[in-house]
Amino acid sequence: MTSRVLGIASLVLMVFALYMALIYAPQEAQQGTPYRIIYFHVPMGILSFVSAYLLGFAGIMFLIKRDLKWDRLAIGAAELGVLCTACSLITGSIWAKPIWGVWWAWDARITLQLLLGLFFIAYFMLRAYLPDREKRAKLAAVFGVLGMIDVPFNYYSIEWWATQHPQPVLRGGGSIDPDMRLALYVSALALTVTCAYLLTRRLAIARVEEEVEYLEHLVHAHE
Amino acid sequence: MKPLSAIVFKDIVIELRNKETISSMLMFGLLVLVVFNFAFQPTGAERALIAPGILWVAFTFAGILGLNRSLSIELDNDCLQGLLLAPLDRGSLYLGKVASNFIFMMIAEVMILPIFVLFYNLRFDLQFLQIAGLSFLGTFAFAAVGTILSTISANTRMKEVMLPILLIPLTLPVILASVMATSAVLSGETEGISSWLYLLGGFSIVYLVASYLVFEFVVEE
């Protein structure tokens with residue numbers, strides 16, 4: 001039920017966000033049209049961090065409660081993390097080519113996103129090589145927690161190391177046009193609801209996967 | 001303190017008998033220094049520019065080798081089971097392994113460092129001592145997170161291969177901070193160095209505490 005509501009809400013909000021991003025928001029003075037990618041790029045960047053914290057939170061909850069539902073949440077969060085980091089890196093590259101003249105710059109926030117993406121992929125590799133269900137959930141939870149702790153360290157170390165990225169638009173201090181800000185909030189909300197919808201679908205699939213694994217186990221035991 | 005020192009003592013005795021860990025780390029570290037020299041063929045000024053990176057790549061890779069070795073001696077003959085049966089809590093076991101990993105890495109690094117200074121035409125003066133101090137901090141941070149991740153990777157089917165995949169994304173702040181601080185020392189511009197040192201210190205403390213708390217989940221059956 002929640003999943004269906006979220007699905008319909010995300011459809012409606014996405015259409016509205018597209019209108020806000022492509023028509024309502026005014027043209028940027030220097031960059032022109034390419035800037036409009038921020039309505040997708042910035043929320044995806046933020047959501048990738050949310051995924052990392054969600055993954056860590058699910059890990060802590062699993063270690064305390066030992067309930068596999070938290071492990072399923074962790075899988076969903078990590079997959080969202082891969083999706084969001086990939087989307088923000090790809091859209092960032094598309095934007096960087098006309099504006100900076102290169103597809104890739106080793107700038108602070110790009111490097112941070114890349115590293116976050118590598119962490120999520122490492123998380124899945126770890127899961128893939130742990131055959132036992134219970135152990136997989138436990139060790140993946142520990143790795144998720146350690147990864148969550150790493151986020152602020154990565155953030156500051158890379159921040160001090162180099163930065164040529166446009167300053168963060170949301171906490172950069174009032175320089176953004178109010179219409180642009182509104183459009184950004186709407187698209188952030190739309191993408192957050194879409195991600196929440198994807199997460200609920202993923203949780204449903206994970207439950208079925210677990211059931212299949214259990215039934216296979218039973219069949220093998222009878223053979 | 002007693003269980004901690006017992007574990008360190010045990011590891012040192014094993015190492016004195018077979019001398020495998022430190023010698024392989026040392027050899028590997030030296031090979032990295034040599035390979036990078038061929039890969040970049042640095043001349044004069046470039047050499048001082050890329051030297052910090054090469055040093056920390058050598059330390060990191062040698063460290064990974066040492067961490068893997070340190071756990072594989074526990075897995076042979078089910079020694080880890082014996083350690084888990086011993087009357088000590090899981091946290092002390094973790095701290096003991098961190099201490100012995102740290103000591104072995106430090107010994108290998110102290111031997112690599114003079115050769116590095118020689119190969120890259122640096123000076124044996126105060127700089128040398130400062131880099132040694134930095135190695136101390138950086139290695140401790142590396143050992144704190146490396147010990148728990150090597151225990152996690154030992155549980156997987158890939159064992160040794162898994163460790164760098166898990167370790168490198170998480171220790172990037174340590175590598176970055178160590179390289180930046182080492183370059184600051186080598187170039188003599190030590191103004192911004194304190195933030196890197198704080199980062200290394202903070203990282204070590206946070207990971208030491210967090211790993212101490214969750215280590216129990218990693219080793220329990």
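Throughout, read-outs are computed from the coordinates displayed, never taken from laboratory work. Note that this is a predicted model, so its numbers are computed, not measured. We place every Cβ from the backbone using ideal geometry, glycine too, and count neighbours over all the protein chains shown.
Dipole size of region A:1-142 about its Cα centre, with +1 on Lys/Arg Cβ and -1 on Asp/Glu Cβ: approximately 440 debye, rounded to the nearest 20. The P(r) of the protein assembly as shown has a tail past 32 Å containing 47 percent of all C-alpha pairs. Applying the Kirkwood pairwise sum to the alpha-carbon positions of chain A produces a hydrodynamic radius of 19.1 angstrom. Using C-alpha pairs under 8 Å with a sequence gap of at least 6, the mean separation divided by the residue count of region A:8-84 gives a relative contact order of 27 percent. Projecting the Cα atoms of A:Trp100, A:Leu63, A:Ala196 onto the dipole axis of region A:2-222, where Lys and Arg carry +1 and Asp and Glu carry -1 at the beta carbon, places A:Leu63 farthest toward the positive end.
Fully extending the segment from B:Met111 to B:Leu85 would add 5.8 nm, taking 0.36 nm per residue of separation and subtracting the current Cα-Cα distance.
The gain in end-to-end length when the A:Ile205 to A:Ala128 segment is fully stretched comes to 26.0 nm, 0.36 nm per residue minus the alpha carbon separation.
For chain A, the longest principal axis of the C-alpha atoms and the axis of helix A:133-161 are separated by about 20°. Separation between the A:Leu218 and B:Leu49 pseudo-spin-labels, each 7 Å from Cα along Cα→Cβ, expressed in nm? About 6.7 nm, to one decimal.
Loop-located trypsin sites (Lys or Arg not before Pro) in region B:50-158 (DSSP state not H, G, I, E or B) with no more than 16 neighbouring Cβ atoms inside 10 Å: B:Arg123, B:Arg157. Roughly speaking, what is the stretch gain from B:Asn77 to B:Val35, that is 0.36 nm per residue apart minus the C-alpha to C-alpha distance, in nm to one decimal? Result: 11.5 nm gained on full extension. Helix A:68-100 and the longest principal axis of the C-alpha atoms of chain A enclose an angle of approximately 30°.
Across region B:2-219, the convex hull enclosing all Cα atoms gives 121 Å³ per residue. Among the residues of A:141-148, the average count of other protein chain beta-carbon atoms within 10 Å of the residue beta-carbon is 5. Against the main long axis of the alpha-carbon atoms of chain A, helix A:38-65 sits at an angle near 30°.
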